[in-house]
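The values are calculated or read from the model by the stated rules, or taken from the named source; none is laboratory data. Everything quoted here is computed from the prediction, not taken from an experiment. Note: ideal-geometry Cβ built from the backbone for every residue, glycine included; neighbour counts use all protein chains shown.
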């Protein structure tokens, strides 16, 4: 189901065994589903949490990277003589340094660049790196390096990159392989059968991840053993990459990532800075800390590609869809990464005749990376607004129109059923909670202010799955230890994991110590991305806790002279189901006391065969448009989400609200601005000019409405993903609300005041 651009995980992915105990489904929960503050909340807000950026080691050096200032250039010579003589400088590396000639940007077994590449294909390509006693000495040293460039022609627009005379980004042309096509049925016959056809072209701008914590690493060698503190979403992928680069056994590389200040997909891949820090650390025989300045985080650490999408949809007069034709093209930057967007167009609505085409293009810009539901928000922006256009022509309510055409199975091959599908509930319950009917009838015009409401539906196609291994230890005093490899990227992973252990064993959450994201001390887990952490790792957590419980009940059964099936564990007490007089406090279990602890291991079981799992969502929005200034004020937002069972209602709500904020950025405020004619450089690479939504830009009122129907067929916790679905339909709902207010769709995101005023001027001219 995943496209080439979907979440890429560095390194091999091992399998895990199946669990022995029968997991069953929770019937009623006491801890799971409640509102639990993060177990590390105090550390995070007090400043005692140690992020990689906080790491300070004895005798540590500080690194800096010299970057190419041109969009396209070839390095003719590099002179590091002056830099090497400067005070405090301990290491200088370039492409000619020993051990620095490393291939990079691998995709499908082929490499498209190098750690230091003499052919610089975008602004910010790495030219040299320095390690010095202080950060300022390192910066001074890279400024002293003399580089002679041959500045070459560039192209930063994907449509212009496909012109015959466009400068080449990669060998073989700027088309990134052949177009990716999906199709079913007979498209021409589908449009011939339609009573109404709508065709529109929409576009989205390039969006930058811009996490609060900059990218970086600290590297330290002890003989032939390497330790890395890294801002990563997956420590095991970084471990595998570093072992491969330096020719080390995997066991000789330790990667630690206990805290990470945001990634949104940009920190799924191992960074060049990590390898550079390690090379310089080995050269200088001292630890090296290398973190990127904020400007570099905008230009070289990834982005969500901008796309142009043409959507053509046909329907019968009764609202039945007959054909969908979808074409998307976008730039993935200078290195291979798919910019496809079409999955929702292919599968969100039941339609017998469909064709989608995705074209990915090389340009002289920073490489795209996964960003919170790669491709899906762009598709939603175009598909969902076109659906509204079609509903208007049919004279149908947009919500009713969607309900009539919802997917009932995955329309691929002979069809694949879903393990669960609550999209209809997302739309109906969401519309009721939002007050959709009343809002549609409300007065739209109040002087120069116009109000409108909009809705959008969506799914996310990356369900998660094995492998994942978790170990739980229960101590005789009633406390527990949870050991898992998954990174907590700010989403509350440690907290919901502790809640599951508390649910199974009755141990209070505050008595559970969570160890995570350390390749030397924790169990294997894939990277935290793709909304797969909860559905991939929570079943392993529960299985490990159940393994402990089975052992504990077995010990107690021997002592009480009964069977394990006759016993239950409640509030750290083991009680007979048939004879309440037979009971033991946890501390009275003799074999547990003799051992000191019980250890259980849990694994993530395989996903169901011949079925598919999607999280679903529908979001509703009310906006106010100022026709004098073009400003959009978002009044209300409601997200109705089918993500299976809610583990922690507090973090569930906050995931939705955070996803909405990111979607608002895509739809209204965020845009990478390039000097397209003269230099090809990004001109707003800072938090002042790159407009991430603030408290003044998000909705005055936002509501999370979880459907909370466990998907027990998918896994033993009944969970599905949430992080991506929370962002996918947001911008589209805003677009539809603005169209409801103005009477016409503004097609190019973000909807800045200038674009809104242009739409209003066009309306006046056509009137």
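A compact table of results
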| read-out | value |
| --- | --- |
| The range 676-691, residues that are in contact with a helix residue (DSSP H, G or I) (Cβ under 6 Å, 6 or more places away or on another chain) and either surrounded by fewer than 16 Cβ atoms within 10 Å (Cβ to Cβ) or within 28 Å of residue 635 (Cβ to Cβ) (or both) | 691 |
| Residue match in the range 5-17 (condition: at pLDDT 95 or above and in a loop (DSSP other than H, G, I, E, B)) | no |
| Selected residue (criterion: surrounded by the fewest Cβ atoms within 10 Å (Cβ to Cβ)) from residues of the range 62-78 that are farther than 25 Å from residue 363 by Cα and touching a helix residue (DSSP H, G or I) at 6+ places or on another chain (Cβ under 6 Å) | 62 |
| Top-ranked residue of the range 694-708 - restricted to ones that are assigned to a loop (DSSP other than H, G, I, E, B) and in contact with a strand residue (DSSP E or B) (Cβ under 9 Å, 6 or more places away or on another chain), ranked as surrounded by the fewest Cβ atoms within 10 Å (Cβ to Cβ) | 700 |
| Count - residues of the range 337-349 that are in contact with a strand residue (DSSP E or B) (Cβ under 6 Å, 6 or more places away or on another chain) and modelled with pLDDT under 95 | 1 |
| Single residue of 322, 308, 356 found to be in a strand (DSSP E or B) and either farther than 19 Å from residue 186 by Cα or at pLDDT below 95 (or both) | 308 |
| The range 649-680, subset in a loop (DSSP other than H, G, I, E, B) and under 21 Å from residue 204 (Cβ atoms), residue modelled with the lowest pLDDT | 676 |
| Pick from the range 502-515, criterion part of a strand (DSSP E or B) and touching a helix residue (DSSP H, G or I) at 6+ places or on another chain (Cβ under 6 Å), ranking: surrounded by the most Cβ atoms within 10 Å (Cβ to Cβ) | 512 |
| Hey, residue 445 in contact (Cβ under 8 Å) with a residue 24 or more places away in the chain and not assigned by TED's automatic domain parsing to the domain that holds residue 544 or not | no |
| Test: residue 429 is outside any loop (DSSP other than H, G, I, E, B) and surrounded by 17 or more Cβ atoms within 10 Å (Cβ to Cβ) | yes |
| Filter result for the condition that a residue is surrounded by 24 or more Cβ atoms within 10 Å (Cβ to Cβ) and under 28 Å from the mean Cα position of the chain (by Cα), over 369, 355 | 369 |
| Complete set of residues in the range 585-601 that are in contact with a helix residue (DSSP H, G or I) (Cβ under 8 Å, 6 or more places away or on another chain) and within 20 Å of residue 502 (Cβ to Cβ) | 586, 587, 589, 592, 598, 599, 600, 601 |
| Candidates 226, 248, filtered to the one that is farther than 26 Å from residue 373 by Cβ, assigned to a loop (DSSP other than H, G, I, E, B), in contact with a helix residue (DSSP H, G or I) (Cβ under 9 Å, 6 or more places away or on another chain) and outside the structural domain of residue 387 (by TED's automatic domain parsing) | 248 |
| Among the candidates 486, 480, residue that is closer than 27 Å to residue 727 by Cβ and either assigned by TED's automatic domain parsing to the domain that holds residue 345 or buried (at least 23 other Cβ atoms within 10 Å of the Cβ) (or both) | 486 |
| Restricting the range 522-561 to residues that are assigned to a loop (DSSP other than H, G, I, E, B) and touching a strand residue (DSSP E or B) at 6+ places or on another chain (Cβ under 6 Å), the residue that is surrounded by the most Cβ atoms within 10 Å (Cβ to Cβ) | 523 |
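Here is a yes/no grid of residues against (1) at pLDDT below 95; (2) over 32 Å from the mean Cα position of the chain (by Cα); (3) surrounded by 16 or more Cβ atoms within 10 Å (Cβ to Cβ); (4) on the phi < 0 side of the Ramachandran plot:
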position	(1), (2), (3), (4)
80	no, yes, yes, yes
88	no, yes, yes, no
92	no, yes, yes, yes
95	no, yes, yes, yes
99	yes, yes, no, no
104	no, no, yes, yes
107	yes, no, no, yes
120	no, no, yes, yes
128	no, no, yes, yes
